[in-house]
Amino acid sequence: MKLSFKGWQFLLISGVILLAVLAFSASYEARQAEIQELKAEKERQLQQMQDLKEQLNEAAERLEELETMLLNLQRTELIVGGAPGVPGPSRGGRVSVVNMPVTTPSGFSAAKFERAFRGTGLEGIGETLVQAETEYGINALVLAGICAHESGWGSSRLAQDKNNLAGLGAYDGAEYSAGITFGSRAESVMYLAQLLATHYAPGGKYFGGSFDLTGVGVRYASDPAWARKVAGCMKRIVEVGE
């Protein structure tokens, strides 16, 4: 059957339309793929910006923590001053650590304690010291200094046999027999923090006139140089831990 001119014209127009539709379809699909790629790229950029924002927030929080730690360490003023047994103001008119309130925040971390205690019998109590400060408000460095002094850095019989790091319950002439036995060294540290926060605080039955090492030492030990010796241990912990 032979097509007329109009038939050929119809086929030609139909072909053109079909090609146009196909071209449009291909262009549309390409455009859609481009749009999807742009969306994916935008989402990647948004995620990167979110990640960067979180990193900046973490950095800001870390900076704030470091600033707080520095401020606390400056407040602590770990300078052992005064004559033996008579602690007094240190150089520059600043207060010696023996006269620093034991509730002053330490700003010391568990990791720093562990660096200071490495190779001694006090290794492993860093976390407990920080926890004790958080729970009872007693400076963790004060607790660490008392433990270091009273236990000979964890080497005493009380520390080894009874987990008693702070000479708790011991008195002259019955240091070992009267010393309290604890289930763990951590229990000993927490007991010490609670004891200082209650009985050695103002109004407590062992309050020595001031809530610092000088006041605590009045009833805690018979050695008049006790506060200065504990402060010396604190100073050593800070120097090695830092």
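To the nearest Å, what is the center-to-center distance of region 139-176 and region 101-130, using C-alpha atoms only?
15 Å
Among CYS233, CYS147, rank each residue by its count of other Cβ atoms within 10 Å, from fewest to most, as a rough exposure measure.
Going from least to most buried by this count: CYS233, CYS147.
Just to confirm the filter: which chymotrypsin sites (Phe, Trp or Tyr not before Pro) across region 142-195 are DSSP coil and have at most 16 other Cβ within 10 angstrom of their Cβ?
In loop regions of region 142-195 (DSSP not H, G, I, E or B), the sparsely surrounded chymotrypsin sites (Phe, Trp or Tyr not before Pro) are TYR171, TYR176.
Provide the net charge surrounding ARG219, with neighbours chosen by a C-beta distance below 15 Å and charges set as Lys +1, Arg +1, Asp -1, Glu -1.
Here the charged neighbours net out to -3.
Does region 78-241 come out rounded, prolate or oblate, given a ≥ b ≥ c as the square roots of the eigenvalues of its C-alpha gyration tensor, rounded meaning a/c under 1.5 and, failing that, prolate meaning a/b above b/c?
Since a/c stays below 1.5, the shape of region 78-241 is classed as rounded.
Students often forget the sequence filter, so: which aspartates and glutamates lie under 13 Å Cα-Cα from LYS235 once same-chain residues fewer than 8 apart are removed?
Once the sequence-local aspartates and glutamates are set aside, what remains near LYS235 is GLU77.
Which order results if VAL130, VAL240, VAL102, VAL142 are arranged by neighbouring Cβ count within 10 Å, fewest first?
In order of increasing Cβ crowding within 10 Å: VAL240, VAL130, VAL102, VAL142.
List the trypsin sites (Lys or Arg not before Pro) within region 168-239 that fall in a DSSP loop (any state other than H, G, I, E or B) and whose Cβ has at most 14 other Cβ atoms within 10 Å.
Answer by residue number: LYS205.
A short reminder: the numbers here are calculations on the coordinates, not readings from a lab. Everything numeric in this text was worked out from a predicted model, so none of it was measured. Cβ: placed from backbone, ideal geometry, glycine included. Neighbour counts: every protein chain shown.
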